[in-house]
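Reviewing the structure listed below.
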Amino acid sequence: MKTFKTVVRLLRLVKPLIIELMVAVITGVLGFVCVSLIAYFGATMFVNKKIDNTLILIIIALGVLKGIFKYLEQWFNHYIAFKVLAHIRDIIIKTLRRLAPAKLDNKDKGDLIANITSDVEILEAFYAHTISPIMIAFIYSTLVVIFISLCSLYIAGILLLSYFIIGIIFPVANYKLSEKLGSRIKEEEAVLKNITIENFDGLKDIKQFKIQNEKTIKMNYQSEKLESLRKKEKHHIGIMHGLIVVVELLTIFLIIMISIKTNIEYKIVIPIIALSLTSFKAVINVANVAGILVHSFASGKRILELVDEKPAIEDVVNENDVQFKKIEIKKLEFKYQEKNILKNLNLSIKDKDFIGICGESGSGKSTLLRLLMRFYDPSFGEILIDDLNLKNINTSSLRINQSLVTQETYLFKTTIKENIKIANLNATDEEIINACKKASIHDTIMKFNKGYETIITNNINISSGEAQRIGLARAFVSKSNLVLLDEPTANLDALNEGIILESIKENDRTIIMVSHRRKSLSICNKIIEIKGEEIWK
Ligand SMILES: Nc1ncnc2c1ncn2[C@@H]1O[C@H](COP(=O)(O)OP(=O)(O)OP(=O)(O)O)[C@@H](O)[C@H]1O
Ligand SMILES: [Mg+2]
């Protein structure tokens, strides 16, 4: 995406907050006007060699006003940044939901989250400290030039040229010089963040395999690499600030020369010089934000590219709802990128069938369940539900009628009851308790102090087997007609497995259960073995 397009799209997000932006800009300009007037009146008193009490009072009042204006400017800038970022976070979450799960499967989640978090932080600097300073500098420097042109057109012209050099030429040059460096710093920061997270997540294994030294060396190497890039960036900024001072001094020198040549009184020139010096501050702010711009545009580009990414499967609406009385898989083929997984798979499933699926690790069992959920579309062949192709069935109808239990159940940081209720918001307490009894988890829940009201936090140690049984309780409480179970008893002992398999069998629904253990599948009506690219019955 072109930088210009990125900037336009980032700026468009501020449109609903245009009034707040105007207030921030006006208060910012007024703050600078106060500073300039303080300098102007101070210099006037100095050249007149006379203490003027009224002027002193005005200067004090201007000082207080400047503080108030600065506060208001900052308040509105942060209000804008807060609102825009909340909106951006909302867009990102919606995008991730839209892309999940297919488009997120091959993305490193840690990497993605680390990048999004730092990109959003960088955009905060853009919305809070970039847009209004640029507008303020533009308006304020125009006011100063107009005011000074009333005394001398030459001096106004010189000032205009300096503003142009400091506020436009330098930032653009700095941007061009730092653009690539900025992206590299961002990449290396993400690498360092990931190494840190990996060191934390893998603590147990790092200790067990005694690889602390290797990990520390890797982290130090990355820190040093980043540090040297940052030094380079600071070096550019340092040079730019040195050049700014040179331009300021040259401007003052030229103003003095012009006033001598055109016979302007020193009583007028000194206040003008004081005013010019303070006015540079606003323009220098623009030069300073060039660095923020480099990072902001790179971050904005990455976020917008993610937002623009098309999902592998678009949601279907306004088509057909189904009952899930019959499933037919015809000549199904599937490949991830170029890797063949399933080939010529044919299967008929009737209402209330209990189908077992087994096969070697990596043979495509979980993939088949994902295809039935329509997380992916087949590469060839079709899946028909009640004689309708999966592609022509409303996504909402699929979600209502299917529940999937996998080896890993994600538990939200809320009560156990709420965690189960997400599968059926209308479930009564009695239904939830029944479902938990069937999933053989009721007794464990009752041992917690607050029973079903216990909030899942990092301090409540739920084992993977317990989490999986909560996942099964979700399936039991749901009203879905088709239950897809991917190794539902993998984390369980034989006793719990037996109880659960019986409960599953008693459940009056169509069930497809994947398991490594052939023995667990003996309870099914029909067992299918997926073997390589063929299928055996
Ligand atoms: N998102 C993906 N992108 C690319 N390849 C994938 C993806 N997901 C799975 N695979 C590959 O597809 C093959 C089948 O994966 P699948 O998870 O369906 O196997 P499985 O039969 O369920 O294995 P297991 O018994 O170990 O759970 C594996 O070789 C796996 O590496
Ligand atoms: Mg699997």
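The values are calculated or read from the model by the stated rules, or taken from the named source; none is laboratory data. Please read these numbers as outputs of a predicted model, since none were measured by experiment. Here the Cβ positions follow ideal geometry from the backbone for every residue, glycine too, while neighbour counts run over all protein chains shown. Only protein heavy atoms, including side chains, enter the accessible area calculation; ligands, DNA and RNA are left aside. Shrake-Rupley method; radii C 1.70, N 1.55, O 1.52, S 1.80 Å.
Quick one: which of Lys421/Lys447; Lys5/Lys339; Lys109/Lys350; Lys391/Lys479; Lys326/Lys365 span more than 27 angstrom between C-alpha atoms?
Working: Lys421/Lys447 20 Å; Lys5/Lys339 37 Å; Lys109/Lys350 38 Å; Lys391/Lys479 22 Å; Lys326/Lys365 20 Å.
Exceeds cut-off: Lys5/Lys339; Lys109/Lys350.
What is the percent carbon and sulfur in the accessible area of the stretch 3-308, measuring with a 1.4 Å probe over the protein chains and ignoring ligands? Please list the in-between numbers first.
Values: 12040 of 17160 Å².
Its accessible area is 70 percent carbon and sulfur atoms.
Please check which bits of the stretch 156-172 a label hung off Ile239 would reach, taking the label as a point 7 Å along Cα-to-C-beta and the cut-off as backbone N under 12 Å.
No residue passes the distance filter.
Can you compute the modelled spin-label distance between Asn220 and Ile169, with each label point 7 Å from Cα toward Cβ, in nm?
The two pseudo-label positions are separated by 4.6 nm.
For Leu411 and Ile91, compute 0.36 nm times the residue count separating them, minus their Cα-Cα distance, and round to one decimal in nm. Can you show the working numbers first?
Values: separation 320, 0.36 × 320 = 115.20 nm, distance 2.39 nm.
Contour length minus the Cα-Cα distance gives 112.8 nm.
What's the center-to-center distance, using Cα atoms, between the stretch 464-527 and the stretch 184-244 in Å?
Taking the Cα centre of the stretch 184-244 as reference, the centre of the stretch 464-527 is 46 Å away.
Could you check the simple spin-label distance between Asn449 and Gln212, using points 7 Å along Cα→Cβ, in nm with one decimal?
With each label point 7 Å from Cα toward Cβ, the separation is 3.4 nm.
Return a whole-number percent for the relative contact order of the stretch 326-536, with Cα pairs under 8 Å and 6 or more residues apart as the contact set.
Working: 374 pairs, mean separation 68.7, N = 211.
Once normalised by length, the contact order is 33 percent.
Want the number for Asp52 to Val64: 0.36 nm per residue separation, take away the alpha-carbon distance, what's left?
Numbers: separation 12, 0.36 × 12 = 4.32 nm, distance 1.88 nm.
Gain in length upon complete extension: 2.4 nm.
Calculate the spin-label point distance for Tyr266 paired with Leu112, positioning each point 7 Å from the Cα along the beta-carbon direction, and give it in nanometres.
Using points 7 Å along Cα→Cβ, the separation is 7.0 nm.
For the stretch 326-536, what is the accessible area per residue in Å² when the probe is 1.4 Å?
On the way: 10250 Å² over 211 residues.
Per-residue value: 49 Å².
Report the relative contact order of the chain, percent, no decimals, based on alpha-carbon pairs under 8 angstrom and at least 6 residues apart. Mind dumping the intermediate values first?
Details: 715 pairs, mean separation 86.5, N = 537.
Computed over the chain, the figure is 16 percent.
Starting at the first residue of the stretch 143-156, write each ³J(HN,Hα) from the Karplus equation 6.51 cos²θ - 1.76 cosθ + 1.60 with θ = phi - 60°, in whole Hz, x for Gly and Pro.
Once rounded to whole Hz, the list reads 4, 5, 4, 4, 4, 6, 5, 5, 8, 8, 5, 5, 4, 4.
Taking R0 as 22 Å, what FRET efficiency do you get between Asp493 and Lys325 from their Cβ-Cβ distance, rounded to the nearest 0.05? Spell out each step's value before the answer.
Working: r = 36 Å, r/R0 = 1.63.
That pair, Asp493 with Lys325, gives E of 0.05.
List residues of the stretch 265-306, by number, whose backbone nitrogen lies under 19 Å from a label position 7 Å along Cα→C-beta of Glu121.
The answer is 291-304, whose backbone nitrogens lie closer than 19 Å to the label point.
Starting from the amide H of Asp353, placed 1.01 Å from N in the peptide plane, find each other amide H under 5 Å away whose residue is 5 or more places distant or on another chain.
For Asp353, the qualifying residues are Ile511.
Would you kindly state how much longer the chain becomes between Phe147 and Lys479 on full extension, computed as 0.36 nm times their sequence separation minus their alpha carbon distance, in nm to one decimal? Let's see the in-between values first.
On the way: separation 332, 0.36 × 332 = 119.52 nm, distance 7.53 nm.
Fully extending the segment from Phe147 to Lys479 adds 112.0 nm.
Under 22 Å Cα to Cα from Lys70, which lysines show up? Leave out anything in the same chain fewer than 8 places away.
Excluding near neighbours in sequence, the set is Lys83, Lys281.
Rounded if a/c is under 1.5, else prolate if a/b beats b/c, else oblate: with a ≥ b ≥ c from the C-alpha gyration tensor eigenvalues square-rooted, which is the stretch 197-323? Numbers along the way, then the final one.
Values: a/c = 5.49, a/b = 1.83, b/c = 3.00.
Here the stretch 197-323 falls in the oblate category.
Find the accessible area per residue for the stretch 1-108; the probe is 1.4 Å, ligands and nucleic acids are left out, and the unit is Å². Intermediate results must be reported in sequence, preceding the final value.
Details: 6550 Å² over 108 residues.
With the other protein chains kept in place, the stretch 1-108 gives 61 Å² per residue.
Express the relative contact order of the stretch 3-308 as a whole percentage, based on alpha carbon pairs under 8 Å and six or more residues apart in sequence.
Numbers: 276 pairs, mean separation 104.8, N = 306.
For the stretch 3-308, the relative contact order is 34 percent.
Can you give the net charge of the other residues whose Cβ lies under 15 Å from the Cβ of Leu21, counting K and R as +1 and D and E as -1? Please report the intermediate quantities before stating the final value.
Working: positive: Arg12, Lys15, Lys83; negative: Glu20, Glu73.
Computed value for this residue: +1.
On a C-alpha basis, how far is the centre of the stretch 1-77 from the centre of the stretch 401-432 in Å? Whole number, if you could?
55 Å
Ranked by accessible surface with a 1.4 Å probe, highest first, in what order do Ser379, Ser132 come? Please list the in-between numbers first.
Numbers: Ser379 60, Ser132 0 Å².
The ordering from most to least exposed comes out as Ser379, Ser132.
At a 10 angstrom cut-off on C-beta neighbours, averaged per residue, how do the peptides 503-511, 31-39 rank from highest to lowest?
Numbers: 503-511: 16.8, 31-39: 21.3.
Taking the mean over residues of other Cβ atoms within 10 Å, the ranking is 31-39, 503-511.
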